[in-house]
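We did not get these values from a lab; they are worked out from the coordinates using the rules stated. Please read these numbers as outputs of a predicted model, since none were measured by experiment. Every residue, glycine as well, gets a Cβ built from its backbone with ideal geometry; the counts of neighbours run over all protein chains shown.
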Amino acid sequence: MGFVWFWIVAVMIAAYVVLDGFDLGVGILSPFLGRTEDARRTLYRSIGPVWDGNEVWLLAGGGTLYFAFPLLYASSFSGFYLPLMIVLWLLIMRGVSIELRMHIDHDVWRSFFDGLFFVASALLAIFFGAALANVIRGVPLGADNYFFLPLWTNWRVGANPGILDWYTVIGGVVALVALATHGALWLVLKAPGELENRARRAASTLWVALLLITLISLPATIAVRPSALDNYEAHRILYAIPALVVATLIGILSFTKQRKPLAAFLSSCLYLVFMLVGAAAGLYPTLLPSSTDPARDITIAGALAGPHSLHVGLIWWSIGLVLALGYFFTSYWLFRGKVTAEAGYGH
């Protein structure tokens with residue numbers, strides 16, 4: 001059951017990153033691609049019907065984490081209290097910017113919420129990437145399984161790091177560039193005319209940055225956590241994961257140049273999935289490593305809830321997943337096709 005719930009949580013996190021990732025990417029690119037009011041309206045309308053539904057996966061993932069691994073939930077939510085509060089406020093500001101932008105027809109009003117949309121989207125991407133890098137790097141867990149991290153210390157990786165150091169900054173940049181690319185490919189798929197062309201050019205430019213930061217992040221991860229390769233050495237088939245990451249990068253560039261927007265977007269989805277799966281495979285069975293003493297690592301066995309709860313929970317989780325997937329497939333089917341500034345999706 002520990003193996004099953006570990007990968008359930010991993011799948012839900014991956015679903016959130018893939019689905020909410022493209023509308024975060026649209027927010028990151030909004031000041032660069034939204035050069036006219038019509039273009040900006042098209043940007044918002046491309047994500048308008050689905051952005052809040054995409055965030056359900058974040059709530060569901062947090063709830064699943066609390067249910068299956070209560071010790072990990074308690075430890076991480078106490079130690080990461082400051083960044084979690086920042087993320088909460090950023091999510092609120094981003095939702096407010098989308099919902100209130102068109103309530104008053106005034107340039108100053110719209111410009112304020114446009115700026116808020118960009119800042120909140122960019123900072124969320126950076127904080128999510130830095131959060132994953134913190135988990136990979138490890139935190140100073142105490143004997144009681146709790147820890148405290150300041151926002152930064154000396155920017156070095158060590159026994160007592162801050163939330164931000166050179167490695168977690170790399171993680172934040174990876175997330176920022178990857179989600180911006182993801183958002184650009186979504187706009188190529190959904191936007192018409194000149195906005196589609198600008199989004200395609202942005203995706204091609206961002207691809208170079210994504211390739212470079214990905215190549216930097218992989219050796220940086222090995223340098224920070226050499227034990228991440230233990231599972232790969234024990235199960236050589238796992239080396240297919242980084243090969244698949246490279247294949248998806250090639251797919252993004254190739255399909256973008258061939259003007260196959262759906263294939264390019266799906267390649268971006270798979271890139272995000274394989275990057276997350278690679279990180280999870282390197283950590284397993286550790287959930288939260290200790291930067292001070294490996295004996296204090298929070299593992300699946302140490303954090304897992306009771307067997308009866310997990311078996312009953314798996315039944316209800318399966319029912320909930322079927323309902324959620326039905327909702328998502330219906331929503332994306334109803335809002336298929338191109339979007340316009342005047343009529344939205346037109347159906």
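FRET efficiency for PHE3 and ASN154, Cβ-Cβ distance as r, R0 = 41 Å, nearest 0.05?
Values: r = 38 Å, r/R0 = 0.92.
Given R0 = 41 Å and the Cβ-Cβ separation, E is 0.60.
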Helix 37-47 axis, angle to the chain major axis (alpha carbon atoms, nearest 10°): 40 degrees
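Taking the Cα centre as origin and putting +1 on Lys and Arg beta-carbons and -1 on Asp and Glu beta-carbons, what dipole magnitude results for the chain, to the nearest 20 debye?
840 debye
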Difference of contour (0.36 nm per residue) and Cα-Cα distance, HIS308 to LEU334: 5.4 nm
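May I ask you to sort THR214, THR42, THR205 by Cβ crowding, counting other Cβ atoms within 10 Å and putting the fewest first? Show your work: numbers first, answer last.
Details: THR214 18, THR42 25, THR205 13.
Sorted ascending by nearby Cβ count, the order is THR205, THR214, THR42.
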Two-decimal ratio, the stretch 30-98, of alpha-carbon radius of gyration to 2.2 N^0.38 Å: 1.48
Positive-end residue of SER254, VAL18, GLY34, charge dipole of the chain with Cβ unit charges: SER254
Most to least packed among 98-109, 181-192 [average Cβ atoms within 10 Å]: 181-192, 98-109
Calculated log₁₀ intensity ratio I(q)/I(0) where the Debye formula runs over C-alpha points of the stretch 246-334, q = 0.15, 0.20 Å⁻¹: -0.91, -1.01
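So what is the relative contact order of the stretch 77-181, in percent, for Cα pairs below 8 Å that sit 6 or more residues apart? All intermediate terms of the calculation are to be shown ahead of the outcome.
Working: 122 pairs, mean separation 28.6, N = 105.
Computed over the stretch 77-181, the figure is 27 percent.
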Length gained when the stretch ASN197-ALA74 is fully extended (0.36 nm per residue, less Cα-Cα span): 39.6 nm
Cα-based helix-to-principal-axis angle, 2-33 vs the chain, degrees rounded to 10: 30 degrees
Packing-based order for 232-240, 84-92, using average beta carbon neighbours within 10 Å, highest first: 84-92, 232-240
Difference of contour (0.36 nm per residue) and Cα-Cα distance, TYR327 to ILE222: 33.8 nm
Surface/4 of the Cα convex hull for the chain, nm²: 17.5 nm²
Mean separation of Cα contacts under 8 Å (6+ apart) over length of the chain, as relative contact order %: 24 percent
Farthest toward positive dipole pole in the chain [+1 Lys/Arg, -1 Asp/Glu at C-beta], among TRP51, TYR271, GLY138: TYR271
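Please tell me the relative contact order of the stretch 276-347 in percent, rounded to the nearest whole number, where contacts are Cα pairs under 8 Å and at least six residues apart.
Values: 27 pairs, mean separation 10.1, N = 72.
Contact order relative to length: 14 percent.
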Degrees, to the nearest 10: 307-334 long Cα axis against longest axis of the chain: 10 degrees
